[in-house]
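Have a look at the structure below before the remarks.
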Amino acid sequence: MKPFTTGCMRYDGENFTILDQTLLPHQETWLPCHTVNDLVVIIQRLAIRGAPAIGISASVLLGLLAKQGATQTALIEAADELRKARPTAVNLMNNIDQMKRAIIDGPLPDAVIAEAEKLLQEDIELCERMSTNGAALCQPGDKLLTHCNTGSLATAGLGTALGVISKAHQVHSNIFVWVDETRPLLQGGRLTAWECNNRHIPHKIICDNMAAMLMAKGDVSRIFVGSDRIAANGDFANKIGTYSLAVLAHYHKVPFYVVAPQTTVDPECASGDAIPIELRGEHEVKGVSGSFGECQWAPAQSEVFNPAFDVTPAKLVTGWVLDTGVFNQDDVKQPNWWLG
Ligand code: MRU
């Protein structure tokens, strides 16, 4: 594999390392990733997260294992193990399935390395196209709102929803962003705020429960969010809290857009009901942890419900911003609408 650097992954020709997002924004630590087990642990504890980024990290690791001489059987086993690391983001499954085709068709290792490099490059280009498509929907002076983190920490490129926001900031004057903190793991307050600072995008962090008040005051022009899986009917899964944001946007008549690459569409899921939702550990809801250590504030004996994602029904979406175009309510009723 050729050396590369993205916002969350690096390969210097010898070592593959991943930026530990659990320690951001205060500490930038790069974790070595040599084995399937290394990456499964890194993905499961969200040291790398975001639908496109986890798919690309798995493809890169398979490319590197092939380069080191892994056999076809070992590579298939590795791919199957990585495919199970997290259940909701379909990008992981889609990327792994493409890698498996290269492993089976060969020749090894060249075809596998080439496929990993292709997927990495493709994600950078998809981000660029989505960002341009979404920025065209914005106007100077817009006050945008976003949820979770969908930038260079979540993709190989500029990002999905945060890519749109960055592009809008480049091409329009006075773009401002409300950043939902995104409980329980604060991907907005920690990671999106960090990326907005790096990109010099004017922003303010809000607690998730402040969005309604801002919409009621007319202080939100448009909302852009990412997605982990889009069903064939346009329903989509994203970070928990996205659905409530969509309901609020509908009530207050604020345009609500989902931004994702084609690799996030799952034609096998007819509707959002078929999207598997990851349930996570109780410590995430009962406290906080990070570079500063860990603090649990809830009573130890209390139980917790912690779904990592929710599903937003298509009827609440103003537009689907993909690399292939911007689609509306009528478009998503057509077969294979996501192909453009
Ligand atoms: O649990 P996470 O942090 O992986 O959740 C990430 C999201 O929900 C993102 O919005 C989604 O993956 C799109 S990222 C471009």
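The values are calculated or read from the model by the stated rules, or taken from the named source; none is laboratory data. Computed from a predicted model, the values in this text were never measured in an experiment. For neighbour counting, all protein chains shown are included, and Cβ atoms are generated from backbone atoms with ideal geometry for every residue, glycine included.
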Review point. Any residue at all in segment 275-282 that is assigned to a loop (DSSP other than H, G, I, E, B), closer than 22 Å to Gly159 by Cβ and touching a helix residue (DSSP H, G or I) at 6+ places or on another chain (Cβ under 7 Å)?
Key: no
Review point. Helices (runs of 4 or more DSSP H) wholly in segment 26-108 with at least 1 residues that are at pLDDT 95 or above and touching a strand residue (DSSP E or B) at 6+ places or on another chain (Cβ under 9 Å) - which ones?
Key: 36-44, 51-67, 90-105
Point to revise | One residue from Gly55, Gly63 being more than 16 Å from the ligand (Cβ to nearest atom) and either hydrophobic (A, V, I, L, M, F, W, C) or touching a residue at least 12 places away in the same chain (Cβ under 8 Å) (or both) | key: Gly63
Revision key, fill the gap. The condition of being within 20 Å of Val254 (Cβ to Cβ), crowded, with 18+ Cβ neighbours inside 10 Å and not β-branched (Val, Ile, Thr) holds, among Ala216, Ala135, Ala193, Ala231, only for Ala135
Exercise for review: Within segment 296-310, identify whether any single residue is in contact with a Ser or Thr (Cβ under 9 Å, 6 or more places away or on another chain) and of a type in the set (Phe, Trp, Tyr), and answer yes or no.
Suggested key: yes
